[in-house]
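The values are calculated or read from the model by the stated rules, or taken from the named source; none is laboratory data. The structure displayed is predicted, hence computed values, not measured ones. Don't worry about glycine lacking a Cβ; one is built from the backbone with ideal geometry, like all the others, and counts go over all protein chains shown. The area values use the complete protein model at the heavy-atom level, side chains included, leaving out ligands, DNA and RNA. Shrake-Rupley method; radii C 1.70, N 1.55, O 1.52, S 1.80 Å.
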Amino acid sequence: MLSRPVAFAQIWKSWFSSHSLLGKKNIILMGPPGAGKTTTGRIVGKKLDCPVIDIDDDVLETTWNMSVSEKLQGLGYEEFLEEEGKALLKFSASGSVISLSGSNPMHAAGMQHIKKSGIVIYLDVPTTVIMSRLKSKAVDRIVGLSPGVSLKDILQFRKQFYKRWFDIRVLCGGDVEPEVVAEKVIDAVKRYQDSELETFISTRSSRSGRSTEEDSHKLYFSDVITQGLALDGGLFVPERGLPKFTAEEWQGLIEATYIERAQVILERCIHPADIPASKLAEIVETAYGENFSCSKVAPVRHLAGNQFLLELFHGPTASFKDFALQLVPHLFAYCIPRSCNYLILVATSGDTGSAVLDGFSRLHDTDKQRIAVVNFFPEDGVSPIQKSQMIGCQKENAWSVGVKSDFDFCQTAIKKIFTNSDFTGFLTVEYGTALAAANSINWARLLPQIVYHASAYLDLVHQGIISFGSPVDICIPTGNFGNMLAAFYVKMMGIPIRKCICASNENNVLTDFIRTGVYDLRGRNLISSFSPAIDILKSSNLERYLHLIANEDGQLVTQLFNQLENQGHFQLQKDLLGKLQQDLVAGWCSDEDCLAAIHSVYSTTGYILDTHTAVAKVVADRLQDRTCPIIISSTAHYSKFAPAIMRALRIAEINQNPLSQLHLLSSYSALPPIHWGLLEALKKTGNGDHHVCAADMNVLMSHIETLAQNHFM
């Protein structure tokens, strides 16, 4: 049986003739006045050899027997919209390119009627460009313009209507020729028709070795978000890579809000057959609209010199994980079949746990009945506040389980559970429950991280720190390599990142690997540090990066990671190491240097870094060449690591109660202030408890079975 998104794609394909791009359906161009709809429509019609209809010239003025401006002047704003809508309701066409008026989308019934006839393309032109064009054409009358209402206000107001109706967005910069826009429109329609262009493969699959059966069983975004891990143990990646943005397209997002940037980027990464643009807009607004304490969502703050902080801790659980885990649960709920229950398994080294619990607990009640999450974390391997937060974030469909081991055991155990067909089959038969992953091994987790790295660069351009095209370096405290991988993906998509600097703590296996090409776990034991979220020796997302630079050689990736699993080490070939070192540099930082950096930055700026950001700051100081700005990812709020922060600030008396620690830190009136979400979560901790289990696969599976039985039966 076809899943809902795949069925949607095939319905659309049936609407288009196999001999024509259009068939009996229309291409409907929508956008603000001055977007170039009429000119673009004529070019598209000529290229496709089909009729072209301009609603203003060919429908409204013919129907009214007068110009649109005369009609507007005679009727006024509201009456004009109603008359325009009535004319649209009477209009019908097929196999044509239709250019709507700028105000057509403001009449709901008229747009519902026209939308049924084809695919609506939104020509998205920056507001500043539109205002410049209208001024040059001396346009002084558009619908809604009146004393006290500016043209900019009208254009901003109309965006909500454009966003409601479009199927595909085409970004149009200020200097893009109409011929180029027309080609983009045609490419957009082709993409919309053919979701099979955007399939996924495993990092361990071999193109030459794949069977006909494997080729026929294509996987789409809606499949990989639910499946999580590939059946062969690899990680999913897009078969044709990520979309590329032109410089003009990126520049068109400089003035955009964070939510607007997120939707544009995600639309290009998620096919509308999986999640339609209107639904995606709703999800993005839900994720980032009210759940973040800063209106800029991911602000960039100047620290000192050429160093800038990307603050990623303004979400409800105070870490960068919120960017993915406020979004992914809603994507997941939309994509999964309604007939099945899902239990999400998560392994965390600290921040993921509370973020995933909070994110999935915010689903609609009907979704919470069929989607639950269990979070495994090292019982003695996270900070006291992180642990209290994970307990406090538990809800009716979200639970935490402490494991008497380290993060690597938790992560490896979950991978093995996913590939245990006997156990997963048992859960399906007995409880109607499938397993899924929400760790960064899930492809959907990476997409929101791509957004904030791109947004940080655009913010520097918007602030006048750099001009578009100037390079920046990025330094990230790195454990599982997902955040670093997302930065590299952004570079491939067209953001001019020069170097990605990988910052480790004393668990510096990644630093050694990037410097030598040897990934060696032999004789290494995990060291507990003041930056527990990067206390990781096996970096899962490194596999995706190696697959990319190895030209998608799944056999080589399989060989490397099998050797790591069985022998505890592997070594890259010389040519691959050369490629890696063109992209990445790495360094590490001791706990002592981490605390010293926190003290130094606070003493000179009044700003408190968290322990992970401090690791990145130390490494950035050592490795940057100061020829371009460097963006340091501030991945968590310092109040999550209060004991270490107090030690760094040389506070002698440290109360062991996490809530008391936060109140003490708040008395320092430092920047940024104490995180509101943490305080709320810690207040709830006293009313909750959590399960603790031994580091044993059978014990973990028993917990999973019990939770599935209790929640879904």
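Of all stretches in the chain that contain no GluC sites (Glu not before Pro) in a DSSP loop with at most 12 other Cβ atoms within 10 Å, the longest one is 1-289. Under 1.5 on a/c is rounded, so check that first for the range 442-601, then, if it is not, pick prolate when a/b is larger than b/c and oblate when it is not; a ≥ b ≥ c are the square roots of the alpha carbon gyration tensor eigenvalues. Note, shape of the range 442-601 comes out oblate. Dipole orientation for the chain: of the candidates Leu72, Ile534, Leu357, Leu72 has the Cα lying most toward the positive pole (charges on Cβ; Lys, Arg +1; Asp, Glu -1). Working from Cα pairs under 8 Å separated by at least six residues, relative contact order for the range 574-713 is 19 percent. Helices in the chain, meaning DSSP H runs of at least 4 residues, each add -39500 (n - 2.57). Divided by all residues, the mean residue ellipticity at 222 nm is -14000 deg cm²/dmol.
Treating only the Cβ of Lys, Arg, Asp and Glu as charged (+1, +1, -1, -1), what charge dipole size does the range 520-658 show about its Cα centre? Round to the nearest 20 debye. Show your work: numbers first, answer last.
Working: 12 positive and 15 negative charges, 42 e Å.
With Lys and Arg at +1 and Asp and Glu at -1, about 200 debye.
Per-residue Karplus couplings for the range 631-642, computed as 6.51 cos²θ - 1.76 cosθ + 1.60 with θ equal to phi - 60°, are listed in order as 9, 9, 6, 8, 8, 7, 7, 4, 5, 6, 10, 3 Hz, Gly and Pro entered as x.
Between Ser590 and Ile466, the contour length at 0.36 nm per residue exceeds the Cα-Cα span by 41.4 nm. A cut-off of 5 Å between modelled amide H atoms, ignoring neighbours fewer than 5 places along the same chain, links Ile201 with Val237, Glu239. The alpha carbons of the range 152-310 give a radius of gyration and a Dmax of 18.8, 57 Å, in that order.
Around the Cα centre of the chain, unit charges on the Cβ atoms of Lys, Arg, Asp and Glu (plus for the first two, minus for the last two) sum to a dipole of about 540 debye.
For the range 367-514, what mean projected area does the convex hull of the alpha carbons give, in nm²?
On the way: hull surface 48.8 nm².
Approximately 12.2 nm², given one-decimal rounding.
Checking the a/c ratio against 1.5 first, then a/b against b/c, what shape does the Cα gyration tensor give for the range 429-477? Don't jump to the answer; show the numbers that get you there.
On the way: a/c = 5.82, a/b = 3.81, b/c = 1.53.
It is prolate, given that a/c is not under 1.5 and a/b is the larger ratio.
For the chain, the Cα-based Rg and Dmax, in that order, read 26.7, 86 Å.
Partners of Lys152 within straight-line reach, counting lysines whose Cα lies under 28 Å from its Cα and excluding those fewer than 8 residues away in the same chain: Lys37, Lys71, Lys86, Lys115, Lys135, Lys137, Lys163, Lys184, Lys279, Lys296.
Of all aspartates and glutamates in the structure, those lying under 17 Å Cα to Cα from Lys579, and not within fewer than 8 positions of it along the same chain, are Asp512, Glu543, Glu552, Asp553.
Rolling a 1.4 angstrom probe over the protein heavy atoms, how many square angstrom per residue are accessible across the chain?
Numbers: 27630 Å² over 713 residues.
That works out to 39 Å² per residue.
Dimensions of the range 298-455 based on its C-alpha atoms, expressed as ranges along the principal axes with the largest first, amount to 60, 35, 27 Å.
Inverting the pair-averaged 1/r between distinct Cα atoms of the range 501-593 gives 13.8 Å as its Kirkwood hydrodynamic radius.
Taking 1.567 mPa s as the viscosity and 4 °C as the temperature, the Stokes-Einstein diffusion coefficient of the range 463-538 based on its alpha-carbon Kirkwood radius rounds to 93 µm²/s.
Overall size of the range 599-666 from C-alpha positions, given as principal axis extents largest first: 44, 20, 16 Å. Hey, which aspartates and glutamates would be in cross-link range of Lys684, C-alpha to C-alpha under 16 Å, not counting anything within fewer than 8 residues on its own chain? Cα-Cα hits under 16 Å: Asp358, Glu396.
When the accessible area of the chain is computed with all protein chains present and a 1.4 Å probe, what percentage of it is carbon and sulfur? Present the calculation step by step, with values, prior to reporting the outcome.
Working: 13650 of 27630 Å².
Carbon plus sulfur share of accessible area: 49 percent.
The trypsin sites (Lys or Arg not before Pro) of the range 638-713 meeting both criteria, a DSSP state outside H, G, I, E and B (loop) and at most 11 other C-beta atoms within 10 angstrom of the site's C-beta, are Arg650.
State, as an integer percentage, the relative contact order of the range 259-327 based on alpha-carbon contacts under 8 Å between residues 6 or more apart. Mind showing how you got there, number by number?
Values: 60 pairs, mean separation 17.8, N = 69.
Relative contact order here is 26 percent.
The slack between Glu248 and Met713, meaning 0.36 nm per residue of separation minus the straight C-alpha distance, is 162.1 nm. Between Ala398 and Val373, the built amide H atoms are under 5 Å apart, and every one of these is 5 or more places off in sequence or on another chain.
Under the definition of Cα pairs under 8 Å and six or more residues apart, what whole-number percent is the relative contact order of the range 26-193? List each step's numbers first, then the result.
Values: 239 pairs, mean separation 57.6, N = 168.
Once normalised by length, the contact order is 34 percent.
Between Gln573 and Val699, what length comes free when the chain is fully extended (0.36 nm per residue of separation minus the Cα-Cα distance, one decimal in nm)? Intermediate values should be presented prior to the final figure.
On the way: separation 126, 0.36 × 126 = 45.36 nm, distance 3.99 nm.
Here the segment from Gln573 to Val699 would lengthen by 41.4 nm.
Mind running the shape call on the range 587-713? Use the C-alpha gyration tensor, a ≥ b ≥ c as the square roots of the eigenvalues: rounded below 1.5 for a/c, prolate if a/b tops b/c, oblate otherwise. Prolate shape, in that a/c is at least 1.5 and a/b is the bigger ratio.
May I ask for the equivalent-ellipsoid semi-axes of the range 26-193, computed as the square root of five times each C-alpha gyration tensor eigenvalue and listed largest first in whole Å? Walk me through the intermediate numbers first.
On the way: eigenvalues 109, 75, 41 Å².
For the range 26-193, the ellipsoid semi-axes come out as 23, 19, 14 Å.
What FRET efficiency do you get for Tyr77 and Asp175 if R0 is 30 Å and r is their Cβ-Cβ distance, rounded to the nearest 0.05? Walk me through the intermediate numbers first.
On the way: r = 33 Å, r/R0 = 1.09.
FRET efficiency, Tyr77 to Asp175: 0.35.
Site pair Ser132 and Glu680 shows an inter-label distance of 4.2 nm when each label is modelled 7 Å from Cα along Cα→Cβ.
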